[in-house]
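Working notes, beginning with the structure itself.
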Amino acid sequence: MTTTWHVHDDLLAAYVAGRLDAIVGASVEQHVARCAECRASTTPLVDPRLLARGWDGIRDAVESPALPLPVRLARRCGLPEPTAVLLAAATSLRTAWVVGAFLALSFAALAVVLAGGELLAPFLLVAPLVPVIGVAAAYGHQQDPLETLVVTAPYGRTRLILVRTVAVLASVLPFTVLLGLFLPGPAWLAAAWLGPAVALLPTLLALSSFVGPRVAVAVVALGWSAVVLFSLRGLPATWPVEATQQLVYLALAAMSLVVLAARSSRDRRIGAVL
Amino acid sequence: MNAVDLTAVTKTYGRTRALDAVDLSFDRGVTGLLGPNGAGKTTLLRIVATSIAADRGDVRLLGRDPHGSHAELTEIRRELGYLPQELGYPGDMTAFGFVEYVAVLKEWNDRGRRHREVRRVLELVGLGDLATKRVSKLSGGQRRRVALAQALLGDPRILVLDEPTTGLDPTQRADLRRTLSALGGRCAVLLSTHQTEDVAALCERVVVLAGGTVRFDGTVTDLVATAAGRVWLCDDEPGTDALVSWRTGTGRHHVVGGTPPPGAVPTDPTLEDAYLLMLGADAHAVRAPA
Ligand SMILES: Nc1ncnc2c1ncn2[C@@H]1O[C@H](COP(=O)(O)OP(=O)(O)OP(=O)(O)O)[C@@H](O)[C@H]1O
Ligand SMILES: [Mg+2]
Ligand SMILES: [Zn+2]
């Protein structure tokens, strides 16, 4: 610092020993924190190992931002620390969580209102789309403020999107699975909706590589809605998730993966497909 | 092998030809890129930063091809620092958090080493004391320095800086010059600017770009020399054939190009004079006559 004033030796000793009142103590502390010279003169007064550990610890605690609760939980479950930093910073993820939670909650509310009524169709309409919308949100804005840096970093945009995708799925799927368990009707239904959900995801990713995530999510949502609405015209409510249809979804998923692979090997654009 | 080798690089946006068959090579040292708005500076820097691909031509970075395999591209990006011309900041991030985020993207996986590196670059741009402040609460110039800090992470071998001095106060500009010239000894620094003083103070080499083509490529002294005998000071309003002229603070007219007005005294050209003359008719885009 540019000040020529420094903490007097006696004052410093009193500070280190904790003998100063709050006001003088605080001003000494503020100066010492900014003045390398005075910090150096406290060194002989304090156990050096303690001092080194203390400063590093304090700086770390003050400077590195706290992780949000869901990320801290994931950390407990073994999420690597660098990935946690990336997820904590993704504002788009927060949107995904909010969207996912909102859809799940509104669906639960609907279930209460309609208890016993015709519940299957709305569930089948919404449940497979929840992860799709979550993943689309995980792309982040086209004008993501950090986009330029994400693209040119060795970590890679594709990998970041996939990490976010997994994070969204991990946080959104339990909701929907839980809701499925409370559905009236045959027990296999609770798992059957995962078929279209799993097929729609690669479809979304493949479409996104052509038209971007926003248009892609709209197309996928419309397409799936059409399937469910079609089933309402006299077909059994379970029709969209019956075995034959599941095979079609499987084929769709396989096709999308082939498209993705082909595009990532041919595209001259830097930064891979997504 | 040069750090950066561009051969006949062309880039078009729709009908705009942003770069037209540009041949350039850079190695260690600081190179300044000058050119009017729309000259293609950002386009060139984005290609070197692997942010966009060239349409045609050959790009070699550290001897590798960025359009080659993914592994090759990643190898290049590990040695690259990039400050984009414009950068948004997520509002709720602190300066430290922002730089740390980029550090993770640059594969600083060990928490302790990463934190030390983030602190180092923040100190380097003079923001050590503001590390915990939210980026949204920093001034424009301070924010620019946060963005610069992330480019310096890990001592990159190619440092691409798009208008790094914009918005910095004179002290900070001087500090930045010191930092960059120190870096220039170890890596290839490529920077664009509209400030000829930055180039004069900092760059061994200057490249003038206009309309997507290279108009000049050489040392600062050589560029200044091209203007010898074409700059005057005079008391009266100059004729219309001067390229540009303006009334200086002393009341005399600084005249660049054209025929010398009556009573004109030749004066030593500055880098800006030479730059304006180099651009010729394009010069009015840079400095409108006062
Ligand atoms: N994303 C884009 N889409 C369409 N045209 C673009 C795009 N980026 C640049 N251009 C065009 O390419 C040309 C070169 O632009 P560039 O940004 O490289 O100029 P510049 O030298 O960096 O200018 P400035 O000094 O204003 O930053 C301009 O004519 C611009 O209109
Ligand atoms: Mg530019
Ligand atoms: Zn002191």
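Please compute one quarter of the surface area of the Cα convex hull for region B:224-286 and express it in square nanometres.
Values: hull surface 15.7 nm².
Computing the convex hull of the Cα atoms and averaging its projections yields 3.9 nm².
Given a 1.4 Å probe and no ligands, DNA or RNA in the count, how much accessible surface is buried by A and B, both sides, to the nearest 100 Å²?
Numbers: alone 16420 and 13520 Å², together 26670 Å².
Its buried surface, counting both partners, is about 3300 Å².
In whole Å and largest first, what semi-axes does the C-alpha gyration tensor of region B:1-145 yield when each eigenvalue is scaled by 5 and square-rooted? Walk me through the intermediate numbers first.
Working: eigenvalues 193, 74, 37 Å².
Taking √(5λ) for each eigenvalue gives 31, 19, 14 Å, largest first.
Summarise the partner chain shielding of B:99-108 as one whole number: the mean count of Cβ atoms from other chains within 10 Å of each residue's Cβ. Numbers along the way, then the final one.
On the way: counts 0, 7, 10, 6, 3, 10, 16, 5, 4, 2.
Neighbouring Cβ atoms belonging to other protein chains average 6 per residue here.
Counting only other chains, and only Cβ atoms inside 10 Å, what mean value do you get across the residues of B:112-122?
Mean partner-chain Cβ count within 10 Å for B:112-122: 2.
In Å, what Kirkwood hydrodynamic radius results for region B:88-155 from the alpha-carbon pair distances? The partial results should precede the final answer.
On the way: mean 1/r = 0.0869 Å⁻¹.
Over region B:88-155, the inverse of the mean reciprocal pair distance is 11.5 Å.
Please list the equivalent ellipsoid semi-axes of region B:174-290, computed as the square roots of five times the alpha-carbon gyration tensor eigenvalues, in descending order and whole angstrom.
On the way: eigenvalues 170, 46, 29 Å².
Equivalent ellipsoid semi-axes, largest first: 29, 15, 12 Å.
So, in nm, how far is label B:Met1 from label B:His67 when the simple model puts each one 7 Å beyond its Cα toward the Cβ?
Placing both labels 7 Å beyond Cα along the Cβ direction yields 2.0 nm.
Quick check: from the Cα gyration tensor, does region B:109-267 come out rounded (a/c under 1.5), prolate or oblate?
On the way: a/c = 3.40, a/b = 2.21, b/c = 1.54.
Because a/c hits 1.5 or more and a/b exceeds b/c, region B:109-267 counts as prolate.
What order do you get for A:198-210, B:216-228 when each peptide is scored by the mean count of other beta carbon atoms within 10 Å, highest first? Walk me through the numbers before you get to the answer.
On the way: A:198-210: 21.0, B:216-228: 16.1.
Going by the mean number of other Cβ atoms within 10 Å, highest first, we get A:198-210, B:216-228.
Quantify how strongly other chains surround peptide A:153-159 by giving the mean number of their Cβ atoms within 10 Å of each of its Cβ atoms. Mind showing how you got there, number by number?
On the way: counts 15, 12, 7, 5, 1, 1, 1.
Shielding by partners across A:153-159 averages 6.
If you look for lysine pairs in chain B that are eight or more places apart or on different chains, how many of them have Cα atoms under 29 Å apart? Let's see the in-between values first.
Working: B:Lys11/B:Lys41; B:Lys11/B:Lys106; B:Lys41/B:Lys106; B:Lys106/B:Lys133; B:Lys106/B:Lys137.
Value for chain B: 5.
Just to be sure I understand the model, the point goes 7 Å from the Cα along the line to the Cβ. What's the resulting A:Ala40 to B:Tyr13 distance in nm?
5.2
Starting from region A:149-243, pick out the trypsin sites (Lys or Arg not before Pro) whose DSSP state is loop and whose Cβ has at most 11 other Cβ atoms within 10 Å. All intermediate terms of the calculation are to be shown ahead of the outcome.
On the way: sites: A:Arg157, A:Arg159, A:Arg164, A:Arg214, A:Arg233; in loops: A:Arg233.
Sparse-neighbourhood loop trypsin sites (Lys or Arg not before Pro): A:Arg233.
The values are calculated or read from the model by the stated rules, or taken from the named source; none is laboratory data. Everything numeric in this text was worked out from a predicted model, so none of it was measured. Reconstructed Cβ throughout: ideal geometry from the backbone, glycine too, with neighbour counts over all protein chains shown. These accessible areas exclude ligands, DNA and RNA; they are computed on the full protein's heavy atoms, side chains included. Shrake-Rupley method; radii C 1.70, N 1.55, O 1.52, S 1.80 Å.
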